[in-house]
Each structure stands twice: as C-alpha cells, then as structure tokens.
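The values are calculated or read from the model by the stated rules, or taken from the named source; none is laboratory data. Note that the structure is a prediction, hence the values are computed from the model and not measured. Here the Cβ is made from the backbone with ideal geometry for all residues, glycine too, and neighbour counts use every protein chain on show.
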Amino acid sequence: MKLHQLVFLVLLLAYQVYCKTYIHIDYSLTVEVPSEYSVELQGRAFLMETDQMEPDFRVALSVEPIRGKYSCSLEVFLGDVKVWNSGHYSHFYTSDKCVLALTKDGDLHLKGSNDRIGWRTGTSGQGVERLQILKTGNLVLVDALNRIKWQSFNFPTDVMLWGQRLNVATRLTSFPTNSTAFYSFEIQHNKIALYLSSGNMGLYFYSPEKRSFEAAFQALNTTCDLPLACRPYGICTLSNACSCIRLLTAKKGVGSDCNGGFSEGFCDREQQEMLELSGVSSVLRTAPKRVNVSKEVCEDLCLQDCECAAALYSTGKDGTSFRECFTYGLVSGVKQVERGTGLTYMVKVPKGTQISHGKSNVKKWVLVMVGVIDGFIILLVFGGLGYYLVQRRRRRNVLASDNNT
C-alpha cells in the first residue's frame, strides 16, 4: 500500500504531495493534526491536479477547525475557490489524524483514530481501479473500462460547475458561517425555487487579468432584495438602509421595535387584527395560500392561522390582473416600495395597535425647524426693511440740513 503521511506543525500549511490527475487503488494518505485546538489552523494536502490552463482543478485532503473540533474532508478547488466538499452537509470530526484511503476493493473513505470511518463512497466490489479528477472538476471513481462508478457531480454542494446537472433529487445549499440558517436552490417537480435566509445566486467567470472570479450575473442585485437584509420587524428602505416597524399597543408591555416581535401569541383571533403598512412589500414568496380572493379574505386567512404573523396581498399594478394572498410565519424580508405597485402588506397585531409616534415626532421636529427658519427669514426681511427706511430717513435729514445751510 502506498502510504503518505503529513504532520501539521504550524498554523497554515499547504502541502503538495504530487500533481497527478489520478491515483490507483491501494492508496492511503494520512494527515496528523495537533492535539491542541487552534482556530487559525487550516491545513491542506493536495494530491491531484488537472493539466490545463489556469485556473485548474485540485484535490486536497483538508483539516479545518470548526466549533472547537477538527473536521476532516476531501475537497475540490478551482483555483483558490472551493467547489466541492465531502463534509458539506455533515462534518466528520476527528482527533489525532485524518486518513484518506482508496482500498483494494475500490471503496474510497475517510477515517479517523481507531480506523473509525466518517465518510465513504460505498463502491466496494464494483471494479473501481482509480480515483480521477476530470477537467470539468468532476471527481470520479472509474473501473478498468473508464466507466464511472461514483462521481462528485451527483452530490452538489453550493457550487454548480460547467457540465454538471441538477435533478429533482439534488439541490445547491449554502450554510452561512456561525448561523443555523441556510440558502437553497432546488429543482422540484413543478417549479424551480430559491429558499432564502441570507444569500445570493450568481454566474461567475474567471478574469485572467485580475486572477480571480467575477460575477457575470446575480439573482439579487440590491441589499433590499435579501430576505434578511434587516432584522425581524424591520423595513429595508429605498435608500438600502434598515428602519423599524415600531408598533405600540394600549396594553402595557406588548409591542415591537425590531427585537423579534410581540411578547404574546397570535392564536386569540378576537384579540388580533391586521395592521396595514402602506408603501411596503416583502421579497419572500411562497406558494399562494389562496388565489382570486379579496383583501378581506386574505386578512381573515392570517387571523385564523396561529402560525401566521403577516400577509401580503397582491393585485398587480392595474389592480385587476390577479389577486394572490401570501401568508408568512415571520415579519421578515420587508422592503419599501413605490406607490401603485398593487401590493398591500399586513402585520398581525393585538387589537388597538398603532404605528409608533416616531414618525410624528419627526414631523413635529420638521415643523419646528420650518417654523424657526421661516421666522428667521421674516425677521431678516422686516429687519432689512426697517434698516432701509431708517437710512432713507437719515439721508433726507442730511439733505434738508445741507439745503438750509
């Protein structure tokens, strides 16, 4: 068995074992990791590389610190961009060492201490002869006749490469750092959907001049198009800034100021109502709860649903094209829109709730400033007129005195 062993002794290492496009069965690569945890350690041992112009594809065995542990994974890079990772959906945590092995019977797997297997392709007994990285970036296990027995293209992560296909059983999913939310692109039987928490989808090309990837297209182009551009009960304004839906109720202790909503539930229909917010909409879209319904019916649908926190009623710009009612379990993705869009956004609130007087205070402040400025202008005008009359009278007196002389 071909055995390669690497030891990480510094915080950032990238070892180049050798640059072939394939490895044969009965191969093993071991990476030993430090016993002490360090958030700065990122080690990669590159074992395969495609023979093509920059940027080329490279395959690496990686050890990375994640949530106080070390994660062991097999990765594919296009230049410096990670395009596939065996641990994308489920991390394999290990201590002491991380082992990549292509066994004699054709199974590719990752092992930790005590030969514990944390990830595998499950291709034993299928005649696998070698692991190979193709020029498309597809990592494959093939037999002696070059028939593919396993391929990374069948297990997409958050990147789709040229020539790769998605079907109803696969999806692209991105997991933000230090967050439990996710962003998913899925092909379903009856539609293509983006399930958003915070993220974007784009098409990228490589710029040889800048030696980096640049976006040729992005699905979301502005901050307010992001579903979590602002906190719950926040509004993304036309200037791409966040403001709060400040709601006050007559009941002490019940209210919202972008801190997550109301302190009471939404199941007491007799004590709830829908508060309409003018000039705002939501970037979130789900399958319509109802179509061809009135706004009153849309309000009632949300009031009847204990899980509903808000609703969006859409009629189209002309008010007659269609009538759709969307209901939401959270007040998020709210953004300011121009008038006349045919969209009405409603928030479920306890009865008696009103918009906070924050805007009124602003208006009062503006009125006070306008009054002060107007008073100052009037004072200048009358002061100037008075000064003019005084000076004119003085000139007359001087002229009269000269004539008498």
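Structure data summary
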read-out	value
Within segment 136-187, strands (runs of 3 or more DSSP E) holding 1 or more residues that are more than 20 Å from the chain's Cα centre (by Cα) and among the hydrophobic types (A, V, I, L, M, F, W, C)	139-143, 148-151
Among the candidates 317, 295, 289, residue that is basic (Lys, Arg) and modelled with pLDDT of 85 or more	295
Residue, farthest from the chain's Cα centre (by Cα), within segment 55-106, restricted to residues that are more than 21 Å from residue 28 (Cβ to Cβ) and charged (D, E, K, R)	56
Given (1) modelled with pLDDT under 85; (2) closer than 29 Å to residue 222 by Cβ; (3) of a type in the set (A, V, I, L, M); (4) touching a Gly at 6+ places or on another chain (Cβ under 7 Å), number of the condition residue 283 does not satisfy	(1)
Hits in segment 220-237 (condition: assigned to a loop (DSSP other than H, G, I, E, B) and either touching a helix residue (DSSP H, G or I) at 6+ places or on another chain (Cβ under 8 Å) or polar (S, T, N, Q) (or both))	221, 222, 229, 237
Test for residue 120: is it surrounded by 15 or more Cβ atoms within 10 Å (Cβ to Cβ) and either touching a residue at least 40 places away in the same chain (Cβ under 8 Å) or not assigned by TED's automatic domain parsing to the domain that holds residue 66 (or both)	no
Those residues of segment 95-117 which are farther than 17 Å from residue 60 by Cα and crowded, with 17+ Cβ neighbours inside 10 Å, in sequence order	103, 106, 107
Residues satisfying the stated conditions in segment 196-224, i.e. under 18 Å from residue 310 (Cβ atoms) and free of Cβ contacts under 8 Å to residues at least 60 places away in the same chain	197
